[in-house]
Amino acid sequence: MKKKKVEAVAPSSPPPRRREGEEASPRRLTSSLPRHLRRTSSSRRGSRASARASSDLASSISAKPDPDLALALFGWAALRPGFHYVPESYLAALRAASCSRRPAAAEALVHDVFAGACAPDLRLFNACLRFCCDRYSLFPLAFDMLNKMHAMPAVAGCRPDVETYRLLLCAVVRYVRRPPASMVYLHAVRSLSRQMKASGVVPDTFLLNLIIKAYARCVEVDNALKVFREIPLYGCEPNEFTYGYIVKAMFHKGWTDKGMVHFAETREKRFVPSGGVYMIAVSALALEWSSRNRNGCVGLRQLAFGQRQDVKLLLVTTHTSMRTWISRNSVG
């Protein structure tokens, strides 16, 4: 019988000894680990490097003066293996696309954020809402994003805040003009105000003025006065715009006496009414004058000589008064 040849296997060389006082290098430590632990450590290093690269990507996109180059850099980063976007990268790319008037690229970024391409972030969601609110065709996407923010857990820190409701209310009130067509948008204003109160968001004066403005344009004076009385409860103070919306709504409703009371209160608080408030007040008092009401004459004199420095106001008031006087004499 032939004997089988047994090949000698060289013994594995022992790992090099470390001298006293010498620190172990990370390469030696990694090589001494098992294979599955080696993969874990490399993946951790890759994730840290990816996070570092994502933050560097956001700063690079913000530093690029050319928006096309910035967006190309954003798209090139997605081709790298193991790369994950962070919210700052999407925020920088969205700013570059929206500020440079590239709506198609910005809309694609908004859809990616809504689909969950990166971790949720409140600033990023508000930036997407700002872009959607500037375009009427993206209104449904804005409200879908609001519902998504409401559905997120409180731990994520992406619940709607004052800025979120400010963006949505500004966009909705912009289309509230005159009833009955504006009642559709008024329903959206009501639902947003209810959601804001239910979620515990404390509004500021600007937000409350938007709600009062929507009610005033639809001539719903009772609801506007209700919100007006709730202003001190939120720790806010009404300003000249608040009184202007209330006075306009009262004059449109035909409540001339109550409108003059709030107008006098505006002047007592040293607020300066706008030109539109003066125009509506003059028109309402001129109609009262035409119906031979002495309060109209007194109110017109107060309006005409209350602001002596405003020459344009005096000219408009005199012109309206003369037209009313001519129509009154022609009828009589």
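At-a-glance table
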{"read-out": "Of all residues making up segment 157-186, the number that are small (Gly, Ala, Ser) and touching an Asp or Glu at 6+ places or on another chain (Cβ under 9 Å)", "value": "2"}
{"read-out": "So Phe206, is it buried (at least 20 other Cβ atoms within 10 Å of the Cβ), touching a helix residue (DSSP H, G or I) at 6+ places or on another chain (Cβ under 7 Å) and touching a residue at least 12 places away in the same chain (Cβ under 8 Å)", "value": "no"}
{"read-out": "Ile231 being in contact (Cβ under 8 Å) with a residue 40 or more places away in the chain and more than 25 Å from Gly116 (Cα to Cα)", "value": "no"}
{"read-out": "Criterion: more than 28 Å from Cys133 (Cα to Cα) and modelled with pLDDT of 80 or more - qualifying residue of Leu79, Leu91, Leu29, Leu71", "value": "Leu79"}
{"read-out": "Output for segment 194-218, where each listed residue is in a loop (DSSP other than H, G, I, E, B) and touching a Lys or Arg at 6+ places or on another chain (Cβ under 7 Å)", "value": "Ser199"}
{"read-out": "Within segment 151-181, tally of residues that are surrounded by fewer than 19 Cβ atoms within 10 Å (Cβ to Cβ), touching a Lys or Arg at 6+ places or on another chain (Cβ under 8 Å) and within 13 Å of Ala214 (Cα to Cα)", "value": "2"}
{"read-out": "Cβ pairs under 8 Å, 6+ apart, first in segment 166-193 and closer than 16 Å to Leu146 by Cα, second in a loop (DSSP other than H, G, I, E, B)", "value": "Ala171/Asp134; Val189/Val176"}
{"read-out": "Unmet criterion (only one of (1) among the β-branched types (Val, Ile, Thr); (2) crowded, with 20+ Cβ neighbours inside 10 Å; (3) free of Cβ contacts under 8 Å to residues at least 40 places away in the same chain) for Ile211", "value": "(3)"}
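The values are calculated or read from the model by the stated rules, or taken from the named source; none is laboratory data. For clarity, every value in this text was computed on a predicted model and none was experimentally measured. So basically every Cβ, Gly included, is an ideal-geometry build from the backbone, and we count neighbours across all protein chains shown.
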